[in-house]
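Enquirer: After the structure tokens below, expect a handful of questions from me.
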Amino acid sequence: MGKSVLIVNGPNLNMLGRREPEIYGKTTLQDIESLCAQHAGHKDWSIEFMQSNHEGAMIDALQAALGKHDGIIINAAAYTHTSVALMDAIKATNLPCIEVHLSNIFSREEFRHKSYISSVATGVICGFGAKGYTLAMDALADNFDTHK
Ligand code: DQA
């Protein structure tokens, strides 16, 4: 059966392609959305792809996922390292959730090693650039039913 997945992107990810390309690559967020849409097509899934620079808008999108989507993929960007509110919102959805980062946050500054999202995520994919999003979709496919 076709699944519906919410893909949430946090602050500054709208700048991808121009922002620190030596770390994040030259792929734009629009390119990533196209990659995800194509991958979703192969799986017969529908996706909602959103980006916001505002924590509250991300929380609103997560809350709205309840009863609407079967799983979540999130790159919370810098809010990963600060936001108890996003962590709580993910937990409240009770949906399987894959955390994604383009860069390997564990090989970077120490403040990026702490993720509030990881404690409520089904799993984490980081360090593989844009491909992390489609890897996350594959991981989610195997975990729709394992989530409690
Ligand atoms: C990021 C890693 C975060 O530490 C950073 O604040 C970002 C992007 C990544 O995708 O590698 O904005 O989430």
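Enquirer: Of the peptides 97-105, 19-27, how do they stack up when ordered by the mean number of other Cβ atoms within 10 Å, highest first?
Expert: By packing density, highest mean first, the sequence is 97-105, 19-27.
Enquirer: Find how much the distance from L66 to H42 grows on full extension, using 0.36 nm per residue of separation minus their present alpha carbon separation; answer in nm with one decimal.
Expert: 6.2 nm
Enquirer: Count of lysine pairs in the chain with Cα atoms under 28 Å apart, counting only pairs 8 or more residues apart in sequence or on different chains?
Expert: Summing the qualifying lysine pairs gives 21.
Enquirer: Another question, if that's okay. List the residues, sorted by chain then number, that are 5 or more residues from F49 or on another chain and whose placed amide H is less than 5 Å from its amide H.
Expert: I7
Enquirer: Can you tell me, using C-alpha contacts under 8 Å and at least 6 residues apart, the relative contact order of the chain as a whole percent?
Expert: So the answer I get is 26 percent.
Enquirer: Turning to a different aspect of this structure: Quick check: residue separation of S107 and D142 times 0.36 nm, minus the Cα distance between them. What number comes out in nm?
Expert: Fully extending the segment from S107 to D142 adds 9.9 nm.
Enquirer: What net charge do the residues around G25 carry, taking every other residue with its C-beta under 12 Å from that of G25, with Lys and Arg at +1 and Asp and Glu at -1?
Expert: Details: positive: R18, R19, K26, K131; negative: E20, E22, D31.
My count for the surroundings of G25 gives +1.
Enquirer: Mind listing the long-range amide H neighbours of V100? Cut-off is under 5 Å, sequence gap 5 or more, other chains count too, H placed in the peptide plane at 1.01 Å from N.
Expert: The answer is I74, N75, A76, I125.
Enquirer: With a ≥ b ≥ c taken as the square roots of the eigenvalues of the C-alpha gyration tensor of the range 13-110, please select rounded if a/c is under 1.5 and otherwise prolate if a/b is larger than b/c or oblate if it is not? Before the final figure, lay out the partial values.
Expert: Working: a/c = 1.87, a/b = 1.16, b/c = 1.62.
Oblate is the answer for the range 13-110, as a/c is 1.5 or above yet b/c matches or exceeds a/b.
Enquirer: Please work out how much length the chain gains when fully extended from T82 to L135, using 0.36 nm per residue of separation minus the C-alpha to C-alpha distance, in nm with one decimal.
Expert: 16.6 nm
Each value in this text was obtained by applying a stated rule to the coordinates, not by laboratory testing. All figures in this text were calculated on a predicted structure; none of them were measured in a lab. Note that each Cβ is placed from the backbone with ideal geometry, even for glycine, and that neighbours are counted across all protein chains shown.
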